[in-house]
Structures are given as C-alpha cells and as structure tokens.
Amino acid sequence: MPIRTLDQIPTPALLLDTARLDANLGAMAARARALGVTWRPHFKTLKAPAVVPRLRALGATGAAVSTPAEAAACVAAGLDDLWYTAPFAPHKAALLAPLVERGLRLAVLLDDPAHAAQLDAAAEAAGIRLGALIELDIDGHRGGVEPDSPRFSELLDGLGAARALDLAGLYGYGGGTYDLAERGTRQALVARIAGSVAATADHLTRQGWTVRHRALGGSPVLAEAQAADLAGIDSLCAGVAMVEDLAQCGNGVARPAHIALSVLARVVQHQRETGRLFVDAGALALSKDRSTGPQAVDQGYGLLCDATGLPLGDGDVVVAAVSQEHGIVARRGGGALPAHLLAGALAVGQPVRILPNHACITAAGHDGYWLVDEAGDVAGTWARVNGWVSPRRTAQPPGTGDG
C-alpha cells in the first residue's frame, strides 16, 4: 500500500517540503535576475536529480558540483555546464573524461601553481581540456590565492603554458559571511569580495587574458549582495538557500518558515527523572554539525517541531545530545520539558520534525527524500546521489553500471 501520510513513514526519515522548496528556488532565481547575474545553483545541497527540471524551469543552465557522482547526475538530468567548486584531485580528470567527451563543459577551482601543473598533466593524459576558475582569497575564510601575491603571478604563468587547461574566470567564495550576524557587516564583506574579483578581472583583461566568468559563491552572498556592488560580476553560486537551515536563520539570512528540510523522528522513551526524552534520530540521521553553537541561539543538534512543522513549546525544545541512533531531547538551557508536551506532542510514539543546523550535512545521512505537500501529506519520493564514485565504477563513467 502506498505511503500517503507522515505517520506511515518509518523513522528516521528525511522530509522535503515542496512548497517551501519552490518558494526558495523562485526567490533565488528572482534575486539573481534583480542583481543582473546568472544563477548557478549548487547541487551539493540537495544532490537530487529530480530537482533539475525545477532549476531549468527557473533559468538555470549550469550548476556547481563537488563530486564526480554529482557531475554525472547533473549531466544525466540535462545540465552540461558545470563548475567543480571543491579542490579537484588530479585523478578525477580520468573519471570525468567520458562525460567531457560527451559534451560536458567542466571548470575546476585552482589557487596553486603546482596543483595547476598536476591538473594540466592529468587532463592531457585523459585527452580532455578543463576550464580553470582561479579562486581568490578575499576574506581568509577557506582556500584561494591573494590576487596581489607572487603565487597568483606564478599561477597565471602556469596557465599560460598549460596544454590542457584554459582560464575560465575568477571565483570569490564569501565563506566569511556565514560567521557574521550583522547584516551591514555581511553586505560590506560581499562588496569587498565582489570588488576584488571585478578589479582583478579587469587587470587580467588589460594584460590580454580572456576572463569569461567573474563569479561569487555563498548563499549569504546571494541574499545580501547589492546590485551597485556587483558591477563586473556575472555569476553567483548558492546551494543551501534552496532549503535553508538553522545556521542560516541564526545569522539572520533566513527565517524558520523558509526551512524546507527536516528529519522525521518519533518519541521512543521518556526519562522522567531528568525531564528529558529520547527520539529515534541520532548522529547518523541529524549529523553532529554544531554550526549554531557559536551563534546567539544555540540549537543543539536540531530544533524540535510538531508533525506540522511548528516549533514546540516556546521554540526552546532541542536535541541536546546525540548517540549514533538516538537523540536526547531537552529544553535549551536546562529545565524539564513541560508536562503538557509530554502528554501531547511529545508523548511516546508521536512523530516530530527536527530542523537541521546544516541542511547539506544532515541530508547526507539519508538515501532520499519523502516529499511533503502543503497539506502535510506525502507526495512522493526523490533519490539522492550520495557518496563519491563506487569502486565498481572506476573503469566506467560515473553514474553508470550497477554500483
């Protein structure tokens, strides 16, 4: 018998609210249009091939990916212009070569001359050409190269001599924006990153380079960028804004009503002497991401909601601790759970939804999504592309075979 209601779903399970998803996707596409940039959604958040028709309907012609499996899934779903926005190991050139040979346009991030030489050799050995997106380090958050450093000049020299790499453009990841709670400060950082990318691209153009893309990355960047600050920027990558999460809410970029992703669990046991209880979703279902810990409101390992998605109590019921397969639920800051909740929404056997700290990491623990419509009924399922490349697929294009 088909599963139609939440109480029929075995727990723990990953839920995707399609109305909220569509609202978020529409807002991202509209925001990109208003800013005058191309929207390049990041596939690493949902990893669901079934979302691609929605993305294409909203104008997306390419995507960002972070694994060969994601790249294969995007190509199979009709997206053949991809940026690999994670450090690219040279051996992956051979893994992705069959896709490139069938028409995939692939650009990879670079910030180091030695890495560029290794990738050039690997791409040449695989018989393909790759685009190179130079990642600029503007905010000191992650990788990248400072545009006025000797390493940047060495990287350009290497690309000029490369046989299988072509300069595709410049990329500035606004990772530092995730740590800023004040909107004006975030906007100032976005403006600084955008200005540096645009100025560096102009400098390269004057030197005779063709810089096809001037791109920024990060969901807070998409949310906070001002059109006046994006002169010379043509593309924006963002992923988590598709579904949002508690960390995004904690830094003021989103609101809980935007969160489209949740974990369905059930109350399995009360611990009356401590005023806590257990749910059947632990570290594997929720992740151990604690990205809200440093924020003004610590959401533990996730915020508890009732079966309709409304936060319980005063919005202070959280998963305070996790073991592998169960979570311990308590009130934020201590104190016993209210008796009326223990007899009602938190009675043993009741389903609850848990909002994630970091949607991408929580979703990674699940094989797929249960789609939930506006009425709260089950509307279907979507598969996820988990993992990287199966050992049984190393002699085949990613995404083929029976692995």
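The values are calculated or read from the model by the stated rules, or taken from the named source; none is laboratory data. Model, not experiment: these values are computed from the prediction. Neighbour counts run over all protein chains shown; Cβ positions are idealised from the backbone, glycine included. Accessible surface is based on the protein model in full, side chains and every heavy atom, while ligands, DNA and RNA are left aside. Shrake-Rupley method; radii C 1.70, N 1.55, O 1.52, S 1.80 Å.
Observations
- Within region 338-358, the set of residues being surrounded by fewer than 12 Cβ atoms within 10 Å (Cβ to Cβ) and not aliphatic (A, V, I, L, M) comprises HIS340, GLY349.
- Residues that are more than 20 Å from ALA69 (Cβ to Cβ) and in a strand (DSSP E or B), drawn from region 99-130: LEU110
- Among the residues of region 132-151, the ones that are surrounded by 19 or more Cβ atoms within 10 Å (Cβ to Cβ) and free of Cβ contacts under 8 Å to residues at least 60 places away in the same chain come to 9 in all.
- Restricting the first member to region 191-205 and to residues that are within 19 Å of ALA223 (Cα to Cα), and the second to residues that are hydrophobic (A, V, I, L, M, F, W, C) and part of a helix (DSSP H, G or I), no beta-carbon pair is closer than 7 Å while six or more apart or on different chains.
- Check on ARG129, open to solvent by 60 Å² or more (accessible area, probe 1.4 Å), within 29 Å of the chain's Cα centre (by Cα), more than 19 Å from ALA215 (Cα to Cα) and modelled with pLDDT of 95 or more: yes
- Entry remark, region 283-310: residues being surrounded by fewer than 21 Cβ atoms within 10 Å (Cβ to Cβ), among the small types (Gly, Ala, Ser) and in contact (Cβ under 8 Å) with a residue 40 or more places away in the chain number 5 in total.
- Inter-residue pairs, beta-carbon under 8 Å, first over 19 Å from ALA168 (Cβ atoms) and in region 69-87, second hydroxyl-bearing (Ser, Thr, Tyr), 6+ apart: ALA72/THR400
- Yes/no for ARG105 being modelled with pLDDT of 95 or more, surrounded by fewer than 16 Cβ atoms within 10 Å (Cβ to Cβ) and of a type in the set (Lys, Arg): yes
- Residue match in region 51-58 (condition: of a type outside the set (D, E, K, R), open to solvent by 50 Å² or more (accessible area, probe 1.4 Å), more than 19 Å from the chain's Cα centre (by Cα) and over 30 Å from VAL348 (Cα atoms)): yes
- Scanning region 211-223 for residues that are open to solvent by 10 Å² or more (accessible area, probe 1.4 Å), touching a helix residue (DSSP H, G or I) at 6+ places or on another chain (Cβ under 8 Å) and either free of Cβ contacts under 8 Å to residues at least 60 places away in the same chain or assigned to a loop (DSSP other than H, G, I, E, B) (or both) yields VAL211, ARG214.
- Residue check, LEU82 open to solvent by less than 10 Å² (accessible area, probe 1.4 Å), among the aliphatic types (A, V, I, L, M), out of contact with any Ser or Thr (no Cβ under 9 Å at 6 or more places or on another chain) and within 30 Å of ALA231 (Cβ to Cβ): yes
- Hits in region 247-272 - residues which are under 23 Å from THR5 (Cβ atoms) and open to solvent by less than 40 Å² (accessible area, probe 1.4 Å): ILE259, ALA260, LEU261, SER262, VAL263, LEU264, ALA265, VAL267
- Checking each residue in region 96-126 for being over 22 Å from LEU170 (Cα atoms), free of Cβ contacts under 8 Å to residues at least 60 places away in the same chain and of a type in the set (A, V, I, L, M) picks out ALA97, ALA125, ALA126.
- Test result for GLY208, open to solvent by 40 Å² or more (accessible area, probe 1.4 Å) and modelled with pLDDT under 95: no
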